[in-house]
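Asks: Structure below; questions to follow.
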Amino acid sequence: MTQTARTAGHLGLDGEEVPDAYFVRLDATRFRSTLHSQGAWNDHEQHMGAASGLLAHALETNHPREDMVAVRFSYDILGLIPGGEVEVTTRVLRPGRTIELLEAVMSHGGRSCIRLSTWRLARGETAALAGTHREPLPPVAQAPAADMRSRWPGGYIASLEGRSVVGHRPGRAAMWLRAPHAVVAGEESSATARFLTAVDAANGIAVRVAPHEAAFPNVDLGVHLLREPVSGWVGLDTDVTFTAQGTGLTSSALHDEAGYLGQVAQALTVRPFPTA
């Protein structure tokens, strides 16, 4: 695969330096993807992971609320997510003093690609009631390095740092992942936006079949967070199920370096490639 093909639609063509970021801001609502955002199945599309972080970043930038914490991010993938220039618009759907619902939409050429709705809740003091039965993952420092590039192509996967917790077998794995680049070049992002930039990779760590045998993209991404992450390291304890009817589900317990953080689920459309 040539460098020109690999960068189709993305900032970073032959001879151009790729910014240390997943996107570059063009104006108040427009962004351009970089090679670090490139998807795995098509050179000219974005990976949902990078796009997830951008939409969360846009909501936080446009509608800041320090007195609230975002607890649910529900992404609907409305079609292929093209690389290159995209527009992100945001709005508050349900304003409130203690509960708030927001929306962000990514579009390309006038066509909506992704819709995100996010619930935010007022912060409170409930330390005396806190507790969970979920055990934390082994620390990042104790997990051996893992490289997803042996299984997946694309600039986004190449950008990730990985540590293996439970070695891969079809449909089961656990890993630490980190997306090390800025969400938007030259802009500070919250720990939540940086964390979300790596979460969609859950569907790639415990694959049941090799990506050249079948396509199994997710049509949504549903993330529930108990609190704000403490760092960009995403712990994914993942199971993947395929049915006999062309559907599947990737479900993961989410962790950060402070412990259990929430859940993520991805509905899959499973499409075997024709055999020769």
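Asks: Evaluate the relative contact order of the chain (contact order divided by residue number), counting alpha-carbon pairs under 8 angstrom at least 6 apart; express in whole percent.
Replies: Once divided by the residue count of the chain, the mean separation gives 19 percent.
Asks: Can you give the Kirkwood hydrodynamic radius for the chain, in Å, rounded to one decimal and based on Cα pairs?
Replies: One over the average 1/r among Cα pairs gives 19.0 Å for the chain.
Asks: For the chain, what does the helix formula give at 222 nm: sum of -39500 (n - 2.57) over DSSP H segments with n ≥ 4, over the residue count, nearest 500 deg cm²/dmol?
Replies: -3500 deg cm²/dmol, from helical runs alone.
Asks: Quote the accessible area belonging to His47 in square angstrom, nearest 10, computed with a 1.4 Å probe and with ligands, DNA and RNA left uncounted.
Replies: Taking all protein chains as shown, His47 has close to 30 Å².
Asks: Taking only C-alpha pairs under 8 Å that are 6+ residues apart, what is the relative contact order of region 77-218 in percent?
Replies: 14
Asks: What is the magnitude of the charge dipole of the chain about its Cα centre, with +1 placed on the Cβ of each Lys and Arg, -1 on the Cβ of each Asp and Glu, and no other charges, expressed in debye to the nearest 20?
Replies: Approximately 620 debye in magnitude.
Asks: Moving on to the next point. Which whole-number percent is the relative contact order of region 161-237 (Cα, under 8 Å, 6+ apart)?
Replies: Value for region 161-237: 41 percent.
Asks: Next question, about the same structure. Tell me, how many Å apart are the Cα centres for region 204-264 and for region 113-146?
Replies: If we compute the Cα centre of each part, the gap is 14 Å.
The values are calculated or read from the model by the stated rules, or taken from the named source; none is laboratory data. Keep in mind that what you see is a predicted model, and the values were worked out from it rather than measured. Neighbour counts are summed over all protein chains in view; Cβ atoms, including those assigned to glycine, are modelled from backbone coordinates with ideal geometry. The protein model used for the area step is the full one, side chains on, heavy atoms only, and it has no ligands, DNA or RNA in it. Shrake-Rupley method; radii C 1.70, N 1.55, O 1.52, S 1.80 Å.
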